[in-house]
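Participant: My questions will all concern the structure given below.
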Amino acid sequence: MVIFKLADILVRQIKEADIKREVAFRELEHNQKLSSLGRLAAGVAHEINNPLAIIHQKAGLMRDIIESKTNDKDKTPLNIINDVDEQEQKFLSIIDSINQSIGRCKAITHRLLGFTRHMDIQLEDLEIAEVLKDSVNFIEQEAKLRNIKIDLKIEENLPQIKSDRGRLQQVFLNIMTNALAAVEDYGLISIITKIENSERLSISIQDNGAGIEEKDIRRIFEPFFTTKKEYGTGLGLPITYSIVTKMGGDIQVDSSKGQGTKFTVYLPL
């Protein structure tokens, strides 16, 4: 009996060691993929930023030419926009659209560069409720158009946290956008905050959408892995994971096929 008992203990210890080794191997593999993605992202971002700067400069030059032509018609600065003819006004609106697209492209390359270098984190005292409400505002219009209900439950008397507002919004928006893509019209997205203990709080974002297959759950934080075959890039969740861990937090996912998905972000107090 003693021999059997000792053998059982040894088997359990070996099994636990194997599980820990597998987890460590997956973490190492994930970090190596992120590192490779970072090197690739840096090169792509720099290559894209250069032509973007040229496009932005040329668009500004075109605007200057049109406004200069308008000034010849009327020397009063306040009447510049009012005095341009219909074609010129349309041309100016096109230039504005170009500049907006350039801004979006710059934001994307800025995120990609976050994989390769430590970007400045602007720490400030934040009310997590405000950050969540601001993030919900970005998706609220699409949710209304599709009759998707967003149920925001914020625990009272939440303590302030010291973090980066922009990065937190990026994290929440990435997860909320995935939730919107997963649910059908008239679906539900629930957002719940909770104080876990004296050291951290949690923000869970749950949907009643299609869910994730078990074989895919372990891969969702891998760069370029996506279940959105038509338009997914496979970068949203890896970036989200990278941001959360850099801020000293953690992120977990619980999902079943056909039963919806729940992402829980843990942040240090």
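The values are calculated or read from the model by the stated rules, or taken from the named source; none is laboratory data. Keep in mind it's a predicted model, so treat the numbers as computed, not measured. Neighbour counts run over all protein chains shown; Cβ positions are idealised from the backbone, glycine included.
Participant: Is it true that some residue in the range 104-118 is modelled with pLDDT of 85 or more, in contact with a Gly (Cβ under 6 Å, 6 or more places away or on another chain) and β-branched (Val, Ile, Thr)?
Facilitator: no
Participant: Let me ask something else. Restricting the search to the range 152-182, which residues are basic (Lys, Arg) and at pLDDT 85 or above?
Facilitator: Lys153, Lys162, listed by residue number.
Participant: Does the range 175-196 include one or more residues that are in contact with a Phe, Trp or Tyr (Cβ under 6 Å, 6 or more places away or on another chain), aliphatic (A, V, I, L, M), surrounded by 13 or more Cβ atoms within 10 Å (Cβ to Cβ) and under 26 Å from Glu124 (Cα atoms)?
Facilitator: yes
Participant: Also: Of the residues Lys149, Lys153, only one is more than 16 Å from Gly249 (Cβ to Cβ), of a type in the set (Lys, Arg) and in contact with a helix residue (DSSP H, G or I) (Cβ under 8 Å, 6 or more places away or on another chain); which?
Facilitator: Lys149
Participant: Oh, and also: Any idea which residue in the range 125-147 is nearest to Leu201 (Cα to Cα), counting only those that are surrounded by fewer than 13 Cβ atoms within 10 Å (Cβ to Cβ) and polar (S, T, N, Q)?
Facilitator: The extreme case among them is Asn137.
Participant: Right, something else. Out of (1) at pLDDT below 65; (2) part of a helix (DSSP H, G or I); (3) loosely packed, with under 11 Cβ neighbours inside 10 Å, what's the single condition that is false for Lys75?
Facilitator: Of (1) at pLDDT below 65; (2) part of a helix (DSSP H, G or I); (3) loosely packed, with under 11 Cβ neighbours inside 10 Å, only one is false for Lys75: (2).
Participant: Might you let me know whether the range 61-70 holds any residue that is at pLDDT below 65 and charged (D, E, K, R)?
Facilitator: No, there is no match, as no residue in the range 61-70 is at pLDDT below 65 and charged (D, E, K, R).
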